[in-house]
1. Helices (runs of 4 or more DSSP H) wholly in region B:25-113 with at least 3 residues that are closer than 30 Å to B:Ser139 by Cα - which ones?
2. A:Leu132 - would you say it is within 14 Å of another protein chain (Cβ to nearest Cβ), surrounded by 20 or more Cβ atoms within 10 Å (Cβ to Cβ), among the hydrophobic types (A, V, I, L, M, F, W, C) and outside any strand (DSSP E or B)?
3. Tell me which residues, restricted to region A:104-129, are surrounded by 15 or more Cβ atoms within 10 Å (Cβ to Cβ), assigned to a loop (DSSP other than H, G, I, E, B) and facing chain B (nearest Cβ under 9 Å).
4. Restricted to region A:34-51, and to residues that are of a type in the set (A, V, I, L, M) and in a helix (DSSP H, G or I), which residue is farthest from B:Lys193 (Cα to Cα)?
5. Say we look at region B:389-410 and pick out the residues that are part of a helix (DSSP H, G or I) and surrounded by 16 or more Cβ atoms within 10 Å (Cβ to Cβ); which of these is farthest from the other protein chains (Cβ to nearest Cβ)?
6. Go through region B:338-352 residue by residue and tally those that are within 14 Å of another protein chain (Cβ to nearest Cβ) and surrounded by fewer than 20 Cβ atoms within 10 Å (Cβ to Cβ).
Amino acid sequence: MKTPVKPAIEETGDAVTRRKALSWLSGFGLFGSLIITVFSNLIFIKPRATYGQPNRFSIGKPEDFPSGARVSLDARRVCIVRDGDKVAAISTTCTHLGCIVSVSETGFACPCHGSHYDQDGNVTGGPAPRALPWFQVSLAPNGEIEVDKDTEIEAGNYLRV
Amino acid sequence: MSNQTTSRSWKSLLDLPENVWRSIFRNPLPSSDLGRASTSFTNFFLHLHPVKVHRNSLRATYTLGLGLISFFLFFILVVTGILLMFYYVPSTTQAYDRMLDLRGTVAFGIFLRNMHRWSAHGMVAVVFLHMCRVFLTGSYKPPREFNWVIGVLLLLVTLFMSFTGYLLPWDQLAFWAITVGSSIAGYAPLVGKQVKFILLGDTTVGQEALLRFYVLHVAVLPVVLSLLAAIHFWRIRKDGGLSRPVEEDALPADASSPSVEIVQGPAVVMASSPAAAAAAAPVLQKRHYGIQGLVRGPFTKIGNVPDRSVFAWPNLFMAELVVFLITVAGVLLVSLLFNAPLEQPVNIMHPPNPAKAPWYFLGLQEQVSYSAFWGGVGIPTIEVLLLLLVPYIDRKVAGVGRWFARERLLANFLFLTFVIVNIVLIIVGTFFRGPNWEFVSPW
């Protein structure tokens with residue numbers, strides 16, 4: 001004689017059964033783990049240290065740059081401008097797409113997409129969206145000029161040497 | 001006794017080759033339809049294909065074989081790419097020398113590099129043309145919408161594969177193309193700078209970028225592309241084979257006739273006339289469920305209705321073999337005639353003037369010369385979104401399975417405009433731009 005099999009779960013309507021609660025918890029746990037995994041990987045692939053060039057460097061004594069000089073240090077991606085006793089460092093990384101702009105008669109010109117800048121780095125033509133930034137220049141205790149590419153300053157701010 | 005054993009041993013030794021052969025290939029070369037069917041589904045590689053295939057799928061003038069050519073080019077790229085990996089080092093001090101070694105010392109080195117380079121260019125072009133074929137024949141219509149989406153993703157992964165590979169020779173061409181290309185990513189709103197930093201592993205293109213691009217190029221992207229391609233192929237079968245025109249006589253003339261057994265999905269019922277749909281309704285109610293019933297789209301076995309399918313062995317397999325041989329022959333020929341370009345080693349001080357991206361990105365670079373954000377990020381994003389949404393925007397079901405169907409005049413016109421505008425931009429960027437990206441005349 002067979003006894004009818006009792007259903008494992010009684011129909012309880014909206015009440016939170018043990019099975020429902022466990023499903024919710026495990027779903028939450030799995031989904032949460034997935035999100036944590038994705039974020040951990042993003043954190044992992046974003047480097048904490050870079051191995052490229054430092055952004056703060058010394059470029060030599062002020063005497064190395066005679067008045068009127070516009071010396072482009074391509075490796076540092078910066079142009080040292082000396083005018084009388086005033087010194088400034090203007091970025092030579094094109095604000096358009098990162099090519100190195102070259103010093104031209106009218107200022108700067110980018111070989112990649114034809115952006116033009118004037119002597120102070122203001123855009124005079126081409127697709128560049130903004131002017132070339134100026135970087136902070138200071139005199140180090142040993143008398144050398146130090147450029148800090150992490151600090152942008154307003155155009156026209158010279159260092160007097 | 002010993003005599004008997006010896007002769008038995010002899011016999012099994014003599015039969016050895018045949019026994020081994022038969023244990024691998026369970027079917028002898030087929031001479032009957034049953035044999036052709038079982039050849040298809042007892043072989044690992046052949047069973048990926050249907051046993052029977054519609055005649056329309058074999059028409060060279062319908063598909064132009066573009067999907068197959070894309071896959072075979074990818075196959076050539078994987079083989080030549082693995083071989084090149086044996087001699088390549090992703091280091092800024094060694095990469096360029098290794099390129100010279102491929103020219104000078106490695107046996108067939110220059111030839112392998114040519115094959116890899118030209119197949120990569122070819123794959124970008126052929127995948128794009130394949131997309132054009134699918135659009136112009138209306139093949140993204142239900143039930144194939146999602147396979148179109150996967151196809152668009154495959155195009156994007158193909159472009160990214162090509163972009164990451166472009167940096168690896170570490171010559172002037174590579175360095176400046178990637179400098180320009182990764183700056184474009186930096187223009188994306190909110191996350192742009194972060195994406196660029198994570199992609200390059202630094203603020204400028206250098207050793208970290210080379211290593212990252214190498215890992216993406218040889219490990220991450222090939223796996224993603226293979227997985228997407230597998231889903232793409234699998235869905236072709238699950239969506240009822242390649243698209244083809246609706247056949248009026250494939251629907252029962254007298255649906256109440258009990259001899260007709262028809263198994264078909266709702267897509268075709270919608271596609272045909274309402275009368276035919278109504279006629280098919282009673283049949284659908286008492287349809288017979290087979291394992292095929294899980295697959296959408298019309299099937300080949302439709303009672304007394306004309307059967308336009310043929311066995312995959314040998315028809316489909318022979319066609320695939322021919323396309324494969326043509327593809328390989330083409331790549332070999334081009335690789336013998338033309339050498340892959342290699343410019344001067346990277347010189348961070350001197351960008352070439354003009355600095356140009358690979359040809360398929362020159363349309364993008366031309367756009368970028370007008371506006372970095374709109375040309376490099378805004379318009380491409382809109383274009384990709386529109387491409388992804390094509391099958392969900394264009395819901396009309398008429399004109400499927402024919403090139404340039406009259407019913408699809410508007411859709412085809414818009415798509416061809418998109419294609420032609422992009423090709424014109426590429427041509428302008430390639431031939432009409434000189435130093436400082438100024439307009440020059442090529443003649």
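The values are calculated or read from the model by the stated rules, or taken from the named source; none is laboratory data. Not measured: the values here are computed from a predicted model. Note: ideal-geometry Cβ built from the backbone for every residue, glycine included; neighbour counts use all protein chains shown.
1. B:33-42, B:60-63, B:66-85
2. no
3. A:Cys110, A:Pro111, A:Cys112, A:His113, A:Gly114, A:Ser115, A:Gly126, A:Pro127, A:Ala128
4. This residue is A:Leu34.
5. B:Arg408
6. Count: 5.
Matching residues to (1) touching a residue at least 40 places away in the same chain (Cβ under 8 Å); (2) more than 15 Å from A:Thr93 (Cβ to Cβ):
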| residue | (1), (2) |
| --- | --- |
| A:Thr124 | no, yes |
| A:Arg130 | no, no |
| A:Phe135 | yes, no |
| A:Glu144 | yes, yes |
| A:Arg160 | yes, yes |
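Yes/no matrix, rows are residues, columns are (1) within 14 Å of chain A (Cβ to nearest Cβ); (2) more than 30 Å from B:Gly241 (Cα to Cα); (3) hydrophobic (A, V, I, L, M, F, W, C):
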| site | (1), (2), (3) |
| --- | --- |
| B:Val127 | no, no, yes |
| B:Arg133 | no, no, no |
| B:Leu159 | no, no, yes |
| B:Trp176 | yes, yes, yes |
| B:Lys196 | yes, yes, no |
| B:Glu208 | yes, yes, no |
| B:Val218 | no, yes, yes |
| B:Leu221 | no, no, yes |
